[in-house]
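One structure below.
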Amino acid sequence: MASAARADLAAYAGDVSPIDAWSALGSNSATQLVDVRTQAEWAFAGIPSLDSVGKTVKTISWKFYPNFDVNPRFVEQLEAAVPDKTAPLYFLCKTGGRSTDAAIAATAAGYCNCYNIEGGFEGDINTNHQRGQVNGWKATRLPWH
């Protein structure tokens, strides 16, 4: 995934680790976390908690379950949630693919600082076919509920 994202590096600001995203969220009041997973994923896998940094996660699906059709109103919904196009935006999905696409789309829509969070929320599967233990937000032990 990371090598594919690097090919699109000019199309968005780049990939960052979950720890670097967390640090940015805590150090800059304008920085926002945009979770682009589906409603089902938020309900069943959990959602990052930004309570300790005094923020809320912007939840805007990039694709819709079950067909995974791209959300035609994604940019419109992003603009409503984060009108400041200079605000640093950190995009998160399950493993990093959809969030890369969302970062590219947001950059094309005029947002200046769009980042993909490597490994996403759940990350890659381990040898037991479980997520949340190899990489990503959960494996890094960042807050979620």
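The values are calculated or read from the model by the stated rules, or taken from the named source; none is laboratory data. As the structure is a prediction and not an experimental result, all values here were calculated from the model. For neighbour counting, all protein chains shown are included, and Cβ atoms are generated from backbone atoms with ideal geometry for every residue, glycine included. These accessible areas exclude ligands, DNA and RNA; they are computed on the full protein's heavy atoms, side chains included. Shrake-Rupley method; radii C 1.70, N 1.55, O 1.52, S 1.80 Å.
Which of the following residues is open to solvent by 30 Å² or more (accessible area, probe 1.4 Å) and not acidic (Asp, Glu): Ala80, Ala106?
Numbers: Ala106 fails: open to solvent by 30 Å² or more (accessible area, probe 1.4 Å).
Only one candidate passes the filter, namely Ala80.
Quick one: how many residues across segment 51-85 are under 22 Å from Asn113 (Cβ atoms) and acidic (Asp, Glu)?
Here the count works out to 3.
If you go through segment 109-124, how many residues are open to solvent by less than 40 Å² (accessible area, probe 1.4 Å) and polar (S, T, N, Q)?
So in segment 109-124, the residues open to solvent by less than 40 Å² (accessible area, probe 1.4 Å) come out as 109-111, 114, 116-117, 119-123.
Going one step further and asking which of them are polar (S, T, N, Q), we end up with 116.
Total satisfying the criteria: 1.
Of the residues that sit in segment 86-103 and are among the hydroxyl-bearing types (Ser, Thr, Tyr) and under 21 Å from Glu41 (Cα atoms), which one is surrounded by the most Cβ atoms within 10 Å (Cβ to Cβ)?
To start, the set of residues in segment 86-103 that are among the hydroxyl-bearing types (Ser, Thr, Tyr) comprises 86, 90, 95, 99-100.
Checking which are under 21 Å from Glu41 (Cα atoms) leaves us with 90, 95, 99-100.
Values: Tyr90: 26, Thr95: 19, Ser99: 29, Thr100: 27.
Only one residue fits best here, namely Ser99.
From the list Gly54, Gly96, pick out the single residue that is within 15 Å of the chain's Cα centre (by Cα) and of a type outside the set (D, E, K, R).
Numbers: Gly54 fails: within 15 Å of the chain's Cα centre (by Cα).
After ruling out the rest, the residue left standing is Gly96.
Listed residues Thr127, Thr140; which is open to solvent by 40 Å² or more (accessible area, probe 1.4 Å) and touching a helix residue (DSSP H, G or I) at 6+ places or on another chain (Cβ under 8 Å)?
Working: Thr127 fails: touching a helix residue (DSSP H, G or I) at 6+ places or on another chain (Cβ under 8 Å).
Sole residue among the options that is open to solvent by 40 Å² or more (accessible area, probe 1.4 Å) and touching a helix residue (DSSP H, G or I) at 6+ places or on another chain (Cβ under 8 Å): Thr140.
If you take the residues in segment 1-28 that are of a type in the set (Ser, Thr, Tyr) and modelled with pLDDT of 95 or more, which one is surrounded by the most Cβ atoms within 10 Å (Cβ to Cβ)? Reasoning before the result, please.
Here is the first cut: in segment 1-28, the residues of a type in the set (Ser, Thr, Tyr) are 3, 12, 17, 23, 27.
Filter once more, so that each one left must be modelled with pLDDT of 95 or more: 12, 17, 23, 27.
Numbers: Tyr12: 25, Ser17: 14, Ser23: 14, Ser27: 9.
The residue in question is Tyr12.
Quick check: is even one residue across segment 123-137 in contact with a Cys (Cβ under 8 Å, 6 or more places away or on another chain) and modelled with pLDDT of 95 or more? Step through it out loud before you land on a result.
Filtering segment 123-137 for residues in contact with a Cys (Cβ under 8 Å, 6 or more places away or on another chain) gives none.
No, segment 123-137 has no match at all.
Among all residue pairs at least 6 apart or on different chains, which show Cβ distances below 6 Å where the first residue, located in segment 43-59, is part of a helix (DSSP H, G or I) and the second is small (Gly, Ala, Ser)?
These pairs meet every condition: Val53/Gly26.
Mind checking whether some residue in segment 64-74 is open to solvent by 30 Å² or more (accessible area, probe 1.4 Å) and in contact with a Pro (Cβ under 7 Å, 6 or more places away or on another chain)?
Residues of segment 64-74 that are open to solvent by 30 Å² or more (accessible area, probe 1.4 Å), as a first pass: 64-70, 72-73.
Retained after the next criterion (residues that are in contact with a Pro (Cβ under 7 Å, 6 or more places away or on another chain)): none.
Looking through segment 64-74, none of the residues is open to solvent by 30 Å² or more (accessible area, probe 1.4 Å) and in contact with a Pro (Cβ under 7 Å, 6 or more places away or on another chain).
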